[in-house]
Amino acid sequence: MFARMVLVRVTQAVPTLLGVATLVFLLLHLVPGDPVDVLLGETALDADRAQLRHALHLDEPLAAQYLDFLKGLASGDWGRSLVDGRPVLTLMLERLPATARLAAASLFLAVMLALPLGWLAARHASGRVDMAAMGFSLLGVSIPNFWLGPLLMLCFSVWLGWLPVSGMDQPGSIVLPAVTLGTALAAVLSRMARASWLEAMSFDAIRTARAMGASERAIWWRHAARLAAVPVVTMFALQLGAVLGGAVITETVFDWPGLGRLTIEAIQRRDYPLVQGCVLLIASAYVLANLLADLLGLWLDPRQRQAS
């Protein structure tokens with residue numbers, strides 16, 4: 001039964017990925033700009049421009065380019081960069097470890113902040129601790145990465161000199177990017193943890209555990225935590241995709257050599273195949289994160305399996 005539902009969820013993700021690939025292709029080819037102008041310059045001869053356009057297959061109809069694009073994706077060939085001619089997959093795989101390292105640090109920081117804040121807010125609901133924890137959460141959600149990043153650089157790198165300004169080669173280089181990216185995630189998770197814990201405390205199972213003499217510590221961290229885990233874990237899975245999206249800004253601010261910075265560089269150079277690959281990979285991460293969230297919900301909550 002569970003295997004069948006997993007197969008249904010995976011099958012539903014396939015047309016979504018196809019739609020993402022189609023939108024990425026169309027949007028990139030409809031935006032203003034010509035990669036030939038970037039490669040040769042606006043003063044290039046028309047014959048040179050026509051020759052390069054033919055070599056890059058940019059003179060073919062849009063439908064033919066789209067079919068070639070889908071065939072390449074199906075065969076594992078994501079094309080080659082228009083700038084240096086290297087395979088797109090190779091370029092992305094070179095940058096992916098840096099992004100994965102930043103994402104892991106950001107998610108770890110988010111969990112370490114969110115769970116204690118969510119528990120404190122729920123344990124002292126409507127009190128000063130709750131107001132302070134949710135105030136931090138609101139602040140974390142409201143401050144954009146492109147503003148928080150330079151502010152942290154100014155405070156801890158320029159004024160105090162404690163941490164490197166940019167790059168990833170020096171010790172402590174990951175601290176500021178991880179804080180910038182993880183703060184917003186921690187804010188979202190802490191609000192979800194608070195709401196889930198409070199909802200779990202109203203269940204009949206909690207009243208039964210209290211009537212049987214269970215301690216408050218066991219009630220909050222054993223019984224209620226299990227009941228509150230489903231929405232929190234689901235939200236955490238969804239944040240996996242959000243990390244890659246937020247990394248585009250954060251990596252650009254801190255000059256972090258990851259997938260997000262590669263995307264910005266490809267956009268600036270009108271490198272269509274590389275932009276398509278980067279955006280498609282980030283969008284696919286969102287789709288797969290949603291799929292993972294659905295599967296975790298089915299695994300953790302028997303009620304969802306019964307409803308399906």
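Data overview
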| item | result |
| --- | --- |
| Residue within region 12-26 that is part of a loop (DSSP other than H, G, I, E, B) and within 25 Å of the chain's Cα centre (by Cα) present | no |
| Conditions (1) closer than 15 Å to residue 280 by Cβ; (2) out of contact with any Pro (no Cβ under 6 Å at 6 or more places or on another chain); number of the one not met by residue 88 | (2) |
| Identity of the residue in region 82-106, at pLDDT below 85 and in contact with an Asp or Glu (Cβ under 8 Å, 6 or more places away or on another chain), that ends up surrounded by the fewest Cβ atoms within 10 Å (Cβ to Cβ) | 83 |
| Matching residues in region 125-143 - criterion: being without any contact (Cβ under 8 Å) to a residue 24 or more places away in the chain and under 30 Å from residue 261 (Cβ atoms) | 142 |
| Residue list for region 238-271, filter: out of contact with any helix residue (DSSP H, G or I) (no Cβ under 6 Å at 6 or more places or on another chain), surrounded by fewer than 24 Cβ atoms within 10 Å (Cβ to Cβ) and more than 15 Å from residue 144 (Cβ to Cβ) | 255, 265, 268 |
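The values are calculated or read from the model by the stated rules, or taken from the named source; none is laboratory data. If you're wondering where the values come from, they're calculated on a predicted model, not measured in any experiment. FYI the Cβ positions are ideal-geometry reconstructions off the backbone, even for glycines, and counts take in every protein chain you see.
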